[in-house]
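A.B. asks: Take this structure, written in structure tokens, and hold onto it; I'll ask about it next.
Values in this text are rule-based calculations from the coordinates and carry no lab data. What you are looking at is a predicted structure, and each value in this text was computed from that prediction instead of being measured.
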Amino acid sequence: MTLDQTGALVRLSDRTPDISGAEIAASLVPPSQFEHATFDSYRPDHDYPSQSEAVGILKTFVKSWEPQRPAGLFSRNRKKAEMKPGVYLDGGFGVGKTHLLAALWHEAPGPKYFGTFIEYTALVGALGYAGAVNLLRGSALICIDEFELDDPGDTMMMTRMLGELVASGTRIAATSNTPPNALGEGRFAASDFLREIQALSDRFETVRIDGLDYRRRATEGGAVAVEAEAYDATVGALTARGTAVTSDDFDTLIAHLATVHPSKYIKMLDGVDVIGLTDVHILHDQMAALRLVAFIDRVYDAEIPIVQTGTALSDVFDEEMLGGGYRKKYLRSVSRMIALTTGELPPHDD
């Protein structure tokens, strides 16, 4: 097992980090796996033409930052490049939305910000509403990955803030959590998004991206769980090689996550190469499950593999959860946990 300087076992549940508004702002860049994401490195599934079409639309969106030609010169071409100040990538998870959002961010001039919905709400929490608006005002582009639609208060706060920023010239690009593209699911994602952001709805161009979950294409089956002896052997071997491995009892970690704001989960992972979880079991508490989803998102962004015992992480959400209002979140997290436990971290994500 990995030991700290005192000889004690390193556990994520022992970490309670602080994070300042300045640190949150500095972290508003694409996750490391999308550090070099481009439109050319996006690999569309040719069975779904909308994926290639989305690239073309976003390239047109990029042209909105190009200097405008004088009126009357090449007016037809100039008109073709005009788009609304916001673009919304609508589609099931695992079709490359995050990759395309990051590629757009890399193409845009600065200042620019890229973060999840929860990171922007955490920024407001740290700086206050006015402070967050002042920080973001003047930016060329704000990218919001995983726009949450299930908290009316946060959604309205973000709508108000984005309205102020768009009025000052900032462009917005967003994705939101949607169900997988199966049996017609996901077809209501765009209307849900536009309804919830209300006053901003006419400012967004909706870009539909169909397709299969890329992680499912790369990884069949479920998450991998190992026996206790194999777990100890794996953690021991990794530690012997100098790999920074943590080891937590599942219940202990879940309880600890309740004491840490989700915006701080990423700092819990500082310096960690592999996460070990023991005695994983099915969850029946919705709040605990949602905290696990938020935590897994940060683990996935940091590309940290997981080794585990007990119930496979892909089976951790009970049937009631998978049939309820947060189903889309749980299915997306299952997809990520399969990738994290199998080592099949794909080069582009939702």
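A.B. asks: ³J(HN,Hα) across the stretch 223-234 via Karplus (A = 6.51, B = -1.76, C = 1.60, θ = phi - 60°), whole Hz, x for Gly/Pro?
C.D. replies: Per residue, the Karplus-derived 3J(HN,Hα) values read 5, 9, 10, 10, 6, 4, 5, 5, 4, 4, 5, 5 Hz.
A.B. asks: Around G324, which amide H atoms from residues at least 5 apart in sequence, or from another chain, sit under 5 Å from its own amide H, with H modelled in the peptide plane?
C.D. replies: none
A.B. asks: Ok, one more. Among the listed pairs K84/K264; K63/K329; K63/K97; K59/K264; K267/K328, give every one whose C-alpha distance is greater than 31 Å.
C.D. replies: Flagged as over cut-off: K84/K264; K63/K329; K59/K264.
A.B. asks: Additional query: Check D210: other-chain or 5+ apart residues with amide H under 5 Å from its amide H, H built from backbone geometry?
C.D. replies: Amide H neighbours of D210, under 5 Å, 5+ apart: S50, Q51.
A.B. asks: Using 0.36 nm per residue of separation minus the Cα-Cα distance, give me the extension gain between I282 and E66 in nm, one decimal.
C.D. replies: 72.6 nm
A.B. asks: While we're here: Counting only residues 5 or more places away or on other chains, whose amide H sits under 5 Å from the amide H of L141 once H atoms are built in the peptide plane?
C.D. replies: It is Y113, R171, by chain and number.
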